[in-house]
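Written below as structure tokens is the structure these notes are about.
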Amino acid sequence: MDHEKVNILLVDDQPAKLLAYEVILKELGENLVIASSGREALELLLKTEIAVILVDVCMPELDGFELAAMIREHPRFQKTAMIFISAIQVSDIDRLRGYEMGAVDYVPVPVVPEVLRAKIKVFAELYRKTRELERLNQELEDRVRARTAELENSTARLRESEQRRSMAIAAGKMGSWDWDWISGDWMWDDGQYRIFGVSPESFEVNPANVQALLHPDDVDQLRKAIAEFNKGARAYETEFRIIRPDGEVRWCVGTAAATVDDSSRVVRVSGVTVDITERKRAEERQNLLAREVDHRAKNALALAQSIVRLTRADEVKDYVNAVEGRINALARVHTILSLSSWQGAELSRLIDEELAPYSLGGQIILAGPEVQLVPATAQTLALALHELFTNSAKYGALSTRSGRLTIGWQVEDQVLTLSWEESGGPLVMTPKSRGFGTRSLLASVESQLGGQALFDWRAEGLLCRLEVPLTRKTAATTASSKFDEASSAELQRASG
């Protein structure tokens with residue numbers, strides 16, 4: 001059988017002996033490495049993997065015993081086989097010394113070729129078998145490590161999978177259960193207990209206790225499910241409510257599947273329960289929002305319809321501009337309220353939105369604290385401010401570069417007082433009759449908000465004072481139908 005050759009180191013200071021050893025050992029078919037001194041042998045050992053060392057005991061400088069001692073001091077060569085060749089008669093003491101130095105055998109001179117070959121062959125095969133065993137052992141250890149690592153990874157993946165499943169169940173507010181149809185035994189996981197608001201220590205899972213946690217109006221769902229499975233159904237799904245021990249009502253959806261025996265008889269029912277309370281609440285909020293949006297859209301359209309119907313102008317262009325301006329004012333405040341989810345609007349934001357189209361740097365001075373207006377008040381004031389800005393831009397202080405406008409406001413005893421003071425514009429004369437804008441402003445502030453709108457037509461500029469209660473019920477009602485009905489009625493009276 002083919003085998004890997006091993007290296008045999010021959011150490012002797014006499015070339016003739018080395019040649020003789022080579023001739024004797026050539027038949028073994030191994031690699032023969034020659035060293036003519038102890039130091040040369042040490043150098044070769046450090047560079048080459050040696051299976052057997054054949055060394056002469058009597059050598060100058062470094063004899064066989066000394067070389068053996070130096071070889072054994074190196075951890076790498078502590079188990080390397082060494083055979084001593086001695087040309088002199090060795091005593092038992094010499095043999096003992098040689099064995100202490102690490103020799104495994106002695107060969108006397110004259111050397112018998114067959115004996116030397118047999119001894120070298122035995123240790124060469126032993127070296128080869130040892131290396132093969134080390135290799136197999138290493139492979140076995142590698143396979144064991146790989147298998148262990150694979151098992152550890154598999155265990156880690158299973159653990160991670162279980163953790164993800166548990167997290168998914170917890171995040172999805174899910175629970176699983178199992179019902180032995182024959183024995184009546186139930187099994188709930190942690191998610192199921194969590195959904196029902198009970199603990200495994202204090203709650204015994206049985207039909208009576210489970211039924212006690214169901215909403216009275218949904219108990220029939222459980223009875224119906226049992227009846228369906230008795231009729232041969234294999235799956236069932238339904239929505240139901242539970243009442244936790246603390247009184248909280250939760251919505252759930254339950255899905256169950258039956259396991260049957262060879263005679264198609266149900267033997268086990270397993271299922272999953274999902275807490276859908278948040279989804280139900282979201283659906284309710286969505287439906288409420290849809291109704292609210294529909295209501296607000298109708299209110300806005302009604303107000304826009306009133307604006308279109310009641311606006312007066314001598315020319316079509318003026319009419320279009322007036323309608324567009326008032327509807328745009330309504331749209332701007334609607335946007336502000338939408339951004340706040342219809343919670344309200346800042347007064348300063350309403351003013352900024354109305355004065356933005358004019359780009360009048362330095363002509364307008366604003367002074368007042370932050371005031372949060374409820375939606376109905378914000379809508380009414382936005383239209384009132386629009387009328388004031390529009391009239392000022394047409395006839396008042398904002399119609400000239402020299403004009404100045406000061407808007408100030410304050411809140412005292414839940415009453416908002418806003419002052420509008422113009423100066424530096426064209427000469428002001430008290431109007432003989434009030435236009436639509438002024439009449440609608442008065443009507444909306446006084447009738448809709450329960451406030452007052454006072455006008456002082458001074459020659460140097462208009463002075464307007466608006467007083468608006470912030471706590472009046474109508475002001476706190478967000479886009480209610482009463483608000484819009486009042487808007488339409490007052491606008492009709494204002495146009496009369």
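The values are calculated or read from the model by the stated rules, or taken from the named source; none is laboratory data. Worth saying up front: this structure is predicted, and the values here are computed from it rather than measured. With ideal geometry, Cβ positions are generated from the backbone for all residues, glycine too; neighbour counts draw on all protein chains shown.
Mind telling me which of the residues Glu324, Glu354 ends up being of a type in the set (D, E, K, R) and modelled with pLDDT of 80 or more? Can you show your working first?
Details: Glu324 fails: modelled with pLDDT of 80 or more.
After ruling out the rest, the residue left standing is Glu354.
Any chance the stretch 472-482 includes a residue that's outside any helix (DSSP H, G or I), at pLDDT 60 or above, farther than 12 Å from Ala384 by Cβ and not hydrophobic (A, V, I, L, M, F, W, C)? Within the stretch 472-482, not a single residue is outside any helix (DSSP H, G or I), at pLDDT 60 or above, farther than 12 Å from Ala384 by Cβ and not hydrophobic (A, V, I, L, M, F, W, C). Scanning the stretch 176-191 for residues being in a strand (DSSP E or B) and either under 20 Å from Ser264 (Cβ atoms) or touching a residue at least 40 places away in the same chain (Cβ under 8 Å) (or both) gives a total of 5. Among the residues of the stretch 203-237, the ones that are under 24 Å from Thr277 (Cα atoms) and surrounded by 16 or more Cβ atoms within 10 Å (Cβ to Cβ) come to 10 in all. Quick one: which of Thr380, Thr390 is closer than 22 Å to Asn328 by Cα, over 49 Å from the mean Cα position of the chain (by Cα), modelled with pLDDT under 90 and of a type in the set (Ser, Thr, Tyr)? That would be Thr390, the only listed residue that is closer than 22 Å to Asn328 by Cα, over 49 Å from the mean Cα position of the chain (by Cα), modelled with pLDDT under 90 and of a type in the set (Ser, Thr, Tyr).
For Ile50, indicate whether it is touching a residue at least 12 places away in the same chain (Cβ under 8 Å), under 19 Å from Arg131 (Cβ atoms) and assigned by TED's automatic domain parsing to the domain that holds Lys121. It is true that Ile50 is touching a residue at least 12 places away in the same chain (Cβ under 8 Å), under 19 Å from Arg131 (Cβ atoms) and assigned by TED's automatic domain parsing to the domain that holds Lys121.
Scanning the stretch 65-72 finds no residues that are at pLDDT below 75, of a type in the set (Asp, Glu) and over 15 Å from Ile8 (Cα atoms). Restricting Glu353, Glu370 to those that are part of a loop (DSSP other than H, G, I, E, B), over 23 Å from Glu460 (Cα atoms), out of contact with any His (no Cβ under 8 Å at 6 or more places or on another chain) and not hydrophobic (A, V, I, L, M, F, W, C) reduces the list to Glu370. Inside the stretch 8-31, residues that are in a strand (DSSP E or B) and buried (at least 19 other Cβ atoms within 10 Å of the Cβ) make up a count of 4.
Table: residues versus (1) under 27 Å from the mean Cα position of the chain (by Cα); (2) outside the structural domain of Ile226 (by TED's automatic domain parsing); (3) at pLDDT 85 or above.
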position: Glu114; (1), (2), (3): no, yes, yes
position: Arg117; (1), (2), (3): no, yes, yes
position: Val144; (1), (2), (3): no, yes, yes
position: Ser154; (1), (2), (3): yes, yes, no
position: Gln163; (1), (2), (3): yes, yes, no
position: Gly184; (1), (2), (3): no, no, no
position: Tyr193; (1), (2), (3): yes, no, yes
position: Ser199; (1), (2), (3): no, no, yes
position: Asn206; (1), (2), (3): no, no, yes
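Test Leu213 against the criterion of being of a type in the set (A, V, I, L, M, F, W, C) and modelled with pLDDT of 85 or more, and give yes or no. It is true that Leu213 is of a type in the set (A, V, I, L, M, F, W, C) and modelled with pLDDT of 85 or more.
Take the conditions (1) in contact with a strand residue (DSSP E or B) (Cβ under 6 Å, 6 or more places away or on another chain); (2) at positive phi; Gly232 misses just one of them, which is (1).
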